Amino acid sequence: MVVARAFLIAAGLVTAYYLLPLDGYSARGTSVLLLSGLLAVVLVFVWELRTIIRSPHPRLKAVEALAATLVLFLVLFASAYYLLDRSAPGSFTEPLSRTDALYFTLTTFSTVGFGDIAARSETGRVMTMLQMAGGLVLVGFAARVLASAVQAGLRHRGPVGHETGDTKDAGDAQDAGGTADSEAEPEKEA
């Protein structure tokens, strides 16, 4: 169920990227969109953290949160690259369609960087550097924060099966389609 929700969130965000009317923004509008979008990513991330801590199944909620935050981040930068190319032609080595902008975003995020599309303008390079730095933060810091939120959620929920001695998280295993979750509950602090 969680995998399906994560997939639907990703598909919805990518579909919105392709359907939203992005033509007609100026360079200033692109900057405002990027800054507003980054603020939205942070707000969604904070909201997801609160949801994880309160969830009866924090591990599964963390998977969903990471999918939503990551795809939102990538779609935001793809939109910004697309708009930059429209408002300042020649910012990249070739004109960018929406698919090209998403491709450039993914190759930059994954650090593959094939080199077929590259930022030429100073603005394009600054945006690319912001994406690289943001990607490192998202992968490193955000993953650590999500892991801490999962632990806080597990502590908030309390031990599962403590009367029977069962340390497996039966609730998470059920939601994941019946696959056993082999993580033991964390020890309580004295």
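Figure legend. Inter-residue proximity from region 17-33: first residues of a type outside the set (Gly, Ala, Ser), second residues open to solvent by 60 Å² or more (accessible area, probe 1.4 Å), beta-carbon distance below 8 Å, spacing 6+ or different chains. Indicated pairs: LEU22/ARG86; ASP23/ARG86; TYR25/ARG86; LEU33/TYR25. Scanning region 58-89 for residues that are open to solvent by less than 40 Å² (accessible area, probe 1.4 Å) and not in a helix (DSSP H, G or I) gives a single hit, ALA88.
Residues are listed down the side, and each one gets a yes or a no for (1) assigned to a helix (DSSP H, G or I); (2) basic (Lys, Arg); (3) open to solvent by 80 Å² or more (accessible area, probe 1.4 Å); (4) under 16 Å from GLY37 (Cβ atoms):
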position: LEU96; (1), (2), (3), (4): no, no, no, no
position: THR99; (1), (2), (3), (4): yes, no, no, no
position: PHE104; (1), (2), (3), (4): yes, no, no, no
position: VAL112; (1), (2), (3), (4): no, no, no, no
position: VAL126; (1), (2), (3), (4): yes, no, no, yes
position: VAL139; (1), (2), (3), (4): yes, no, yes, no
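Name every residue in region 48-57 that is open to solvent by 30 Å² or more (accessible area, probe 1.4 Å) and outside any helix (DSSP H, G or I), in order of residue number. Within region 48-57, PRO56, HIS57 qualify.
The values are calculated or read from the model by the stated rules, or taken from the named source; none is laboratory data. Because the structure is a prediction, the values reported are computed rather than measured. FYI the Cβ positions are ideal-geometry reconstructions off the backbone, even for glycines, and counts take in every protein chain you see. For the accessible areas, the whole protein counts, side chains as well, though only heavy atoms, and no ligand, DNA or RNA atoms are used. Shrake-Rupley method; radii C 1.70, N 1.55, O 1.52, S 1.80 Å.
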